[in-house]
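Remarks on the structure that follows.
The values are calculated or read from the model by the stated rules, or taken from the named source; none is laboratory data. Quantities reported herein were computed from a predicted structural model and do not represent experimental measurements. A quick note on method: Cβ atoms are made from the backbone with ideal geometry, for glycine too, and the neighbour counts reach across all protein chains shown.
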Amino acid sequence: MQIHSGIDTIEISRLDEIKPQIKERFIKRVYTENEIFQARGRSEVLSGLFAAKEAVSKALGTGIGYVQWRDIEIVHLPTGQPTLVLHGNAEKVADQLGISSWSVSISHDRDKAIALAVALGD
């Protein structure tokens, strides 16, 4: 069994400092419709999702590029627990690595958001 992991952190204020017209394009490029709905415009949630996407891309060993932002989707269960849904190239890479399960954790305080992604594979 192999373990793949990734971690990322981001300052929440980075999202708040983006000009409104650029921020709207950024959000549509990075987040799925479901993620946008779940975040309801809250910068701390969007920052946590961003960090989680980065952490997952690191666990995949690709970073963002071949695997695109929207290939990685973080869906919160009714309990608030984040879960991962992979699409497109992210799903292909995970299959190639034999990844069979994921665990994602997101946390934030007043200033920063952090996320950890751990994958188990054959």
Of the residues in segment 95-114, how many are part of a strand (DSSP E or B) and either under 16 Å from Gly61 (Cα atoms) or free of Cβ contacts under 8 Å to residues at least 60 places away in the same chain (or both)?
9
Might you let me know whether segment 69-76 holds any residue that is farther than 16 Å from His4 by Cβ, in a loop (DSSP other than H, G, I, E, B) and acidic (Asp, Glu)?
no
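Does segment 58-71 include one or more residues that are within 15 Å of Ile12 (Cβ to Cβ) and surrounded by fewer than 20 Cβ atoms within 10 Å (Cβ to Cβ)? Outline the logic, then answer.
Taking segment 58-71 and keeping what is within 15 Å of Ile12 (Cβ to Cβ), we get none.
No; the residues of segment 58-71 include none that is within 15 Å of Ile12 (Cβ to Cβ) and surrounded by fewer than 20 Cβ atoms within 10 Å (Cβ to Cβ).
When you scan segment 77-94, how many residues do you find that are surrounded by fewer than 17 Cβ atoms within 10 Å (Cβ to Cβ), within 12 Å of the chain's Cα centre (by Cα) and not β-branched (Val, Ile, Thr)?
Of the residues in segment 77-94, 0 are surrounded by fewer than 17 Cβ atoms within 10 Å (Cβ to Cβ), within 12 Å of the chain's Cα centre (by Cα) and not β-branched (Val, Ile, Thr).
Any residue in segment 95-115 that is of a type in the set (A, V, I, L, M, F, W, C) and closer than 15 Å to Thr32 by Cα? Walk me through how you get there before you give the answer.
Filtering segment 95-115 for residues of a type in the set (A, V, I, L, M, F, W, C) gives 97, 99, 102, 104, 106, 113-115.
Checking which are closer than 15 Å to Thr32 by Cα leaves us with none.
No - not one qualifying residue is present in segment 95-115.
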Give just the number: which of (1) in a helix (DSSP H, G or I); (2) within 14 Å of the chain's Cα centre (by Cα) does Ile22 not satisfy?
(2)
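From the list Thr83, Thr9, Thr62, exactly one residue is in a loop (DSSP other than H, G, I, E, B) and polar (S, T, N, Q). Which is it? Before you say what the answer is, go through the steps one by one.
On the way: Thr83 fails: in a loop (DSSP other than H, G, I, E, B); Thr9 fails: in a loop (DSSP other than H, G, I, E, B).
Only one candidate qualifies: Thr62.
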Out of curiosity, is Ser47 modelled with pLDDT of 95 or more, among the small types (Gly, Ala, Ser) and farther than 20 Å from Val93 by Cβ?
yes
For the list (1) over 13 Å from the mean Cα position of the chain (by Cα); (2) free of Cβ contacts under 8 Å to residues at least 24 places away in the same chain; (3) on the phi < 0 side of the Ramachandran plot, I need the number of the one condition that Gly65 fails.
(3)
Return the residue satisfying two criteria in turn: it lies in segment 95-122 and is surrounded by fewer than 14 Cβ atoms within 10 Å (Cβ to Cβ) and among the hydroxyl-bearing types (Ser, Thr, Tyr), and of such residues it is nearest to Ser47 (Cα to Cα).
Ser107
